[in-house]
Amino acid sequence: MRIQRGKGSPKDGRGMAWLALGGMGLILGAAALLLLGIWKSEPTQRLQMTWEILQTENLSFLTTQRQEWQANLGSTRASWYGIEESQGTIIADVFYGFDMGELSQDDVSLEKDGTVVIHFPSPRILTVSLRPETYASVTKRTGLMFLKGLLDDQDQELQKRLASLKQEVLLDMLQRKGLPTKELEEGILQFLDPIFQRQGIPYRVEFPQQSNQKMILDFMKTA
């Protein structure tokens, strides 16, 4: 008896085709997931930075006080088409003390009993540094001013506002009768006491009589 091998049945062919298509689908799906992961992944960033010192300046300023101020600000703009009123606050750091470069030999004298007398210069403001992140304001507009506020670039308006705040903060400090200087004098004495006492030398420091407002006005001339 002979057994004749014939061609495969149509069902076998279709099974192989489906199996091949399934394999291709798995391959394409894996490739799609891989590409999607690459697409969503963050690119690697490398930052190259070099520094160059452009200028070096020797400072002789002795900072003996830092104060944190909260300035209360208000402004009003009026026109025929409406009124704009703003109220805001901002925090500023004020550093002030004495410019030791103003001390000279003529400012140090010796009395008959051996007491060293030091005539200190007037205190000065070193810097006023605003904190833009602390700025908060509320603005009310009437008439067409309300429409103008909607059309203005708010970020640009904020930058303009912050650029003019330093002078307003200084004016607010003036209205509060300036900066206290008593703490400045105490800071100088705490600095000098260990030096002179270790040597057993009697000394006295004389500070100029100056209004607190003048210190702020002098700084405003250069700010």
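The values are calculated or read from the model by the stated rules, or taken from the named source; none is laboratory data. From a predicted model like this one, the values you see are computed outputs, not experimental measurements. Cβ: placed from backbone, ideal geometry, glycine included. Neighbour counts: every protein chain shown. What goes into the accessible areas is simple: the full protein's heavy atoms, side chains included, and nothing from ligands, DNA or RNA. Shrake-Rupley method; radii C 1.70, N 1.55, O 1.52, S 1.80 Å.
If you check D193 against the conditions, is it part of a helix (DSSP H, G or I) and closer than 17 Å to F120 by Cα? Yes: the conditions hold for D193. Is the range 65-85 home to any residue that is at pLDDT 75 or above and at positive phi? Yes, there is a match, as at least one residue in the range 65-85 is at pLDDT 75 or above and at positive phi.
All of R46, R14 fail the test of being open to solvent by 80 Å² or more (accessible area, probe 1.4 Å), modelled with pLDDT of 65 or more and charged (D, E, K, R), apart from R46. Screening the range 80-119 for residues that are part of a strand (DSSP E or B), under 30 Å from T139 (Cα atoms) and out of contact with any helix residue (DSSP H, G or I) (no Cβ under 7 Å at 6 or more places or on another chain) and picking the one that is most open to solvent (accessible area, probe 1.4 Å) gives Q87. Pull out all pairs, ordered by first then second residue, where Cβ-Cβ is under 6 Å, the residues are six or more apart or on different chains, the first lies in the range 57-77 and is within 22 Å of E168 (Cβ to Cβ), and the second is open to solvent by 40 Å² or more (accessible area, probe 1.4 Å) and of a type in the set (S, T, Y). That search, which allows pairs on different chains as well, returns Q70/T89; N72/T89.
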